[in-house]
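See structure below.
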Amino acid sequence: MKKCHIAYLACTAALLGTGLGAAPPVAGRTVHLVLPGESIQKAVDAAEPGDTVLLTFGVYHESVTLSTPGLTLRGMGRHTVLEPAAVTGKAAGAAKAAGAAKAASTGKASGAAAGACAADGNGICVVGTKDHRVKDVTVAALTVSGFTRTGVHATATDHLTVRNVTAVKNGVWGIAQEGSVRGVFRGNTARDNGDAGLFLANSVKEEQGATDTDGTVVERNRLEGNRIGVTVRRLRNLTVAHNDLTGNCAAVFVVGDENKPKAGLVTVRENRIVRNNKSCPKTARLDALQGSGIVLTGAEDSLITRNLIEDNVGTSPLSGGIVLFKSFVGTTSDRNRISDNALRGNSPADLVVTDIAGKGNTFEGNACRTSRPAGLC
């Protein structure tokens, strides 16, 4: 591992044979350069707030945990690749326990914490606590592939940025965040992941009301071949915009339940949602999926506007261009505005409302041909 102060980035550029961007130097911040075969976690452990850990081209067989505020973990594009390391079950369990103890006692990432990340089946873990969210971490310009659970998993973060990350063929989620605020997910590609390409939730393990994300943004991502492109679960105050979603079983899910406060205040706008016709089987909590564009279930006060939604075709109860569906536990979707969308070729219809008990939902200015019930276009 080599180390340079940002004021001397020319030396790093010379080592790599490439430029590192136009950001101005900042006194006292350091770039930790990691080559294939070297430990990313060692560089992360050595980094101070505001530093950058820079990965060159190549394949790294490692999981990494970040809990240092202001830290940037950056590759050099999609040919900087993180894949799982071979870890035995016994070793993984020991590492997980040691990592949990270390995090509880110090709040700082360590090799043991990275072992816990690996044992949970994740590639990159960004970890804060309920009392102290980790702030201003960035993960950028790399690929995470083949992890049994999640490519990039974040919990208890504030203003996490994930940009230009490619998450491919991970067992559950490509990129996931829970219990966090002010996240920015921009310019990523999530492809062929077992569940959602991008998954955002209040909590995975606890039943509780929706939490306010303070304006989290999901924009200009490409999401294809996943079970669901983007899942927003039990959250409020979030925007999903300018994304390209194709080849998933379902494109966008906004999900709530009976807990208070209710999920909602989500804006889904100006997305391209085309041919999400992959077939996915029924699960314990959800019917089989195929041909779903945007699904609102148990959500309130959301805006679905100016989306292009075409040729999403299926026979699932959740199939259709834009679907309002009563939640798994019977909670209605209320006071949502569906306006100025362009829909065509969706089946069983462009607009589908099976949540007939929902109140105050409006449909205005949509360019569409078919609806269930009739008269919504």
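Show the residue pairs that are 6+ apart or on different chains and have beta-carbon atoms under 9 Å apart, the first residue being within the range 261-283 and under 20 Å from residue 347 (Cβ atoms) and among the hydroxyl-bearing types (Ser, Thr, Tyr), the second being in a strand (DSSP E or B) and modelled with pLDDT of 95 or more.
279/289
Applying the selection to the range 45-68, what residues are within 13 Å of residue 33 (Cβ to Cβ) and part of a loop (DSSP other than H, G, I, E, B)?
The answer is 47, 51, 56, 57.
Is it the case, given these coordinates, that residue 166 is on the phi < 0 side of the Ramachandran plot, out of contact with any helix residue (DSSP H, G or I) (no Cβ under 9 Å at 6 or more places or on another chain) and outside any loop (DSSP other than H, G, I, E, B)? Give the steps one after another, and end with the answer.
Values: on the phi < 0 side of the Ramachandran plot: yes; out of contact with any helix residue (DSSP H, G or I) (no Cβ under 9 Å at 6 or more places or on another chain): yes; outside any loop (DSSP other than H, G, I, E, B): yes.
The answer is yes for residue 166.
Inspect the range 313-321 for any residue being in contact with a Pro (Cβ under 9 Å, 6 or more places away or on another chain) and assigned to a strand (DSSP E or B) and give the result as yes or no. Can you show your working first?
Taking the range 313-321 first, the residues in contact with a Pro (Cβ under 9 Å, 6 or more places away or on another chain) are 313-315, 319-320.
If we keep only those that are assigned to a strand (DSSP E or B) too, we end up with 313, 320.
Scanning the range 313-321 turns up at least one residue that is in contact with a Pro (Cβ under 9 Å, 6 or more places away or on another chain) and assigned to a strand (DSSP E or B).
Can you tell me which residues in the range 188-203 are small (Gly, Ala, Ser) and within 21 Å of residue 237 (Cβ to Cβ)? It would help to see each step written out before you state the result.
Going through the range 188-203, the residues small (Gly, Ala, Ser) turn out to be 190, 194, 196-197, 201, 203.
Within the range 188-203, 196, 201, 203 meet the criteria.
With the requirement that a residue be closer than 15 Å to residue 223 by Cα, among the aliphatic types (A, V, I, L, M) and surrounded by fewer than 24 Cβ atoms within 10 Å (Cβ to Cβ), what does the range 139-180 give you?
The answer is 168, 172.
Within the range 334-353, can one find any residue that is among the β-branched types (Val, Ile, Thr) and in a loop (DSSP other than H, G, I, E, B)?
To start, the set of residues in the range 334-353 that are among the β-branched types (Val, Ile, Thr) comprises 338, 352-353.
If we keep only those that are in a loop (DSSP other than H, G, I, E, B) too, we end up with none.
No, the conditions are met nowhere in the range 334-353.
Count, please, the residues in the range 237-260 that happen to be of a type outside the set (A, V, I, L, M, F, W, C), without any contact (Cβ under 8 Å) to a residue 40 or more places away in the chain and buried (at least 24 other Cβ atoms within 10 Å of the Cβ). Walk me through how you get there before you give the answer.
Residues of the range 237-260 that are of a type outside the set (A, V, I, L, M, F, W, C), as a first pass: 237, 239, 242-244, 246-248, 256-260.
From what's left, without any contact (Cβ under 8 Å) to a residue 40 or more places away in the chain: 237, 239, 242-244, 246-247.
When the remaining residues are screened for being buried (at least 24 other Cβ atoms within 10 Å of the Cβ), the result is 243.
Residues in the range 237-260 being of a type outside the set (A, V, I, L, M, F, W, C), without any contact (Cβ under 8 Å) to a residue 40 or more places away in the chain and buried (at least 24 other Cβ atoms within 10 Å of the Cβ): 1 in total.
Could you please find all residues in the range 355-371 being modelled with pLDDT of 95 or more and surrounded by 15 or more Cβ atoms within 10 Å (Cβ to Cβ)?
Answer for the range 355-371, where residues must be modelled with pLDDT of 95 or more and surrounded by 15 or more Cβ atoms within 10 Å (Cβ to Cβ): 361, 363, 366, 368, 370, 371.
Given the criterion among the hydroxyl-bearing types (Ser, Thr, Tyr), within 22 Å of residue 36 (Cβ to Cβ) and either out of contact with any helix residue (DSSP H, G or I) (no Cβ under 7 Å at 6 or more places or on another chain) or at pLDDT below 80 (or both), identify the matching residue among 129, 72.
On the way: 129 fails: within 22 Å of residue 36 (Cβ to Cβ).
So the residue among 129, 72 that is among the hydroxyl-bearing types (Ser, Thr, Tyr), within 22 Å of residue 36 (Cβ to Cβ) and either out of contact with any helix residue (DSSP H, G or I) (no Cβ under 7 Å at 6 or more places or on another chain) or at pLDDT below 80 (or both) is 72.
The values are calculated or read from the model by the stated rules, or taken from the named source; none is laboratory data. Since the structure is predicted, the reported quantities are computational estimates derived from the model, not experimental observations. As a convention, Cβ positions derive from the backbone with ideal geometry for all residues, glycine included, and neighbour counts pool all protein chains shown.
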